[in-house]
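For reference, the structure is listed below as structure tokens.
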Amino acid sequence: MKTLVVVGTRPEAIKMAPVIEELKKFSDTYVCSTGQHKEMLSQVLSIFSINPDISLDTMSPGRSLNILAARQLSALDSVFEKYQPDWVLVQGDTTTAFCACLAAFQRGIKVGHVEAGLRTGDLNSPFPEEANRQLISKIATLHFAPTQSAASALTAEGIPAKNIHVTGNTVVDAVNSIFSSHCSSAPKQLKSYLPNLDKSSPPIILVTCHRRENFGATLENICIMLRKLASIYTDYTWIMPVHMNPNVKSPVHSILGDIPNFKLIDPLDYASNLYLISRASLIVSDSGGIQEEAPTFGTPVVVMREHTERMEGVTAGFATLAGQSPSSIERAIHLWLKDPTARMRLASLPNPYGDGLASKRIASILSDTPMEPFDD
């Protein structure tokens, strides 16, 4: 059997790395990078010791999503013609995932969708991810749902149950692998920004923001709110790896750049990011990946979004869906920081996103030796 795995962004690479490792045990497996987020993607592939067999250059700064999609469809069509895979595997909800799925479908190639079934029900939240994953579900062959809730969403949309497999989320597999091998102490990149970071340093609040729906006045108002809170909670070190997008970088630096206990740093490699997640007393973020990664360490998350396709973490008590209103986000932050037992309580709860065996389940299904599904 010949399998071709397509990735284009950092989250895709993180979540597909353990799948690639398992697939290589029984199939001819090739990795194609579309270069959607070239620098961040290369960084992650390196830490997992993955060298793409095919490297495309489809990203062009400042171009529209339509131009990116057109370039990807054309480039991927040539790749599929050359390699003639039996299966194409895609992950999540990116432009790369959708274009790879569509290009494979139109060549009659079977598609496996990793992390299938996540839904907010609002095509504009998040944009364009919600549309991408709904469209992928319409044409994929097999759907690897991370949780029973995701599987139920697929069933409700008319996907045959025989084509849906509950596997757990592969991000848990990736976190376990990288944290155990790279994070026994603060990674080198993190020390270059925060040389005094150790077990005895002040407690940490980690902040990340990159979603399109938070650009503009929304992000500016969030930053004003964070500035206020940093002046109240001065015994915490607030750390924000700032996304390279100028829509994020400009307002963040202009509003938060002069606060002594608010450290603005460049984007981190994956090991450094996991180390901060593990050390943080609280995370304030609009990231989907962080919502899935934080439960491994019992770290609470305030989610700065109106909708989340990861309600399992909210339901289990690991996250607060605060919306985009600065006052609501501020209220949620206060509640977590005034609860000193929060981390201890969360540490005793099972991870709602997986048990670290998702990649083995996906590989076993493709090799016709299925394992027991993940029971969340």
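Just so it is clear, none of the values below were taken in a lab; they were calculated from the coordinates. Not measured: the values here are computed from a predicted model. Every residue, glycine as well, gets a Cβ built from its backbone with ideal geometry; the counts of neighbours run over all protein chains shown.
Taking the highest mean first, how do the peptides 204-210, 156-162 order by number of other beta carbon atoms within 10 angstrom per residue? Kindly include the intermediate steps, with their values, before the conclusion.
Numbers: 204-210: 23.3, 156-162: 10.6.
Per-residue mean Cβ counts within 10 Å order the peptides as 204-210, 156-162.
Once label points are set 7 Å from the Cα along Cα→Cβ at both T369 and M1, what is their separation, rounded to one decimal in nm?
The two pseudo-label positions are separated by 1.1 nm.
Can you tell me the relative contact order of segment 186-347? Whole percent, Cα pairs under 8 Å, sequence separation 6 or more.
23
Relative contact order, percent, of segment 9-167 when contacts are C-alpha pairs under 8 Å separated by at least 6 residues?
16
Taking square-rooted eigenvalues a ≥ b ≥ c of the alpha carbon gyration tensor, is segment 129-247 rounded, prolate or oblate, where a/c under 1.5 means rounded and, failing that, a/b exceeding b/c means prolate?
Oblate, because a/c is 1.5 or more while a/b does not exceed b/c.
Out of (1) 58, 44, 38; (2) 65, 44, 43; (3) 63, 49, 46, which label holds the value of Cα extents along the principal axes in Å that was computed here?
Only one listed value fits the structure, namely (1).
Restricting to Cα atoms and excluding each atom paired with itself, what does the Kirkwood estimate give for segment 186-347 in Å?
Hydrodynamic radius (Kirkwood, Cα only) of segment 186-347 equals 15.7 Å.
Taking the highest mean first, how do the peptides 109-116, 336-343 order by number of other beta carbon atoms within 10 angstrom per residue?
Descending mean neighbour count gives 109-116, 336-343.
Of the peptides 47-56, 87-96, 300-309, how do they stack up when ordered by the mean number of other Cβ atoms within 10 Å, highest first?
For the peptides 47-56, 87-96, 300-309, the packing ranking is 87-96, 300-309, 47-56.
Using R₀ = 41 Å, calculate the FRET efficiency as 1/(1 + (r/R₀)^6) where r is the Cβ-Cβ separation of S185 and S64; round to 0.05. Could you put the intermediate results ahead of the total?
Numbers: r = 43 Å, r/R0 = 1.05.
In this case the efficiency is close to 0.40.
If contacts are Cα pairs under 8 angstrom and at least 6 residues apart, what is the relative contact order of the chain in percent?
RCO, the chain: 15 percent.
Gain in length, R345 to I224, computed as 0.36 nm per residue apart minus the alpha-carbon separation, to one decimal in nm?
On the way: separation 121, 0.36 × 121 = 43.56 nm, distance 3.09 nm.
Taking 0.36 nm per residue and subtracting the Cα distance, the gain is 40.5 nm.
Using 1/(1 + (r/R0)^6) with R0 = 35 angstrom and r between the beta carbons of A156 and D266, what's the FRET efficiency to the nearest 0.05?
Computed FRET efficiency for A156 and D266: 0.25.
Mind checking which of I224, I283, I164 has the largest fluctuation in a GNM of the chain, springs on alpha carbons under 10 Å?
I224
Please work out whether segment 1-120 counts as rounded, prolate or oblate from its C-alpha gyration tensor, where a ≥ b ≥ c are the square roots of the eigenvalues and a/c under 1.5 means rounded, while otherwise a/b larger than b/c means prolate and anything else oblate?
Taking the square roots of the gyration eigenvalues as a ≥ b ≥ c, segment 1-120 is rounded.
Fewest to most neighbouring Cβ within 10 Å: what's the order for I365, I333? The partial results should precede the final answer.
On the way: I365 17, I333 23.
In increasing order of surrounding Cβ atoms, one gets I365, I333.
Work out, step by step, the length gained on full extension between S201 and D53: first 0.36 nm times the residue separation, then minus their alpha carbon distance; give nm to one decimal.
Full extension from S201 to D53 adds 49.0 nm.
So, R0 is 35 Å and r is the distance between the beta-carbons of M244 and A316; what FRET efficiency does that work out to, to 0.05?
0.60
Tell me, in nm to one decimal, what length is gained between S325 and T234 on full extension, where the rule is 0.36 nm per residue of separation less the Cα-Cα distance? All intermediate terms of the calculation are to be shown ahead of the outcome.
Details: separation 91, 0.36 × 91 = 32.76 nm, distance 2.28 nm.
Here the answer is 30.5 nm.
Can you list residues whose amide H is under 5 Å from L89's amide H, if they're 5+ apart or on another chain and H is modeled 1.01 Å from N?
Long-range HN contacts for L89: L4, V5, V6, G112.
In whole angstrom, note down how far apart the Cα centers of segment 12-32 and segment 89-119 are.
Going from one Cα centre to the other spans 15 Å.
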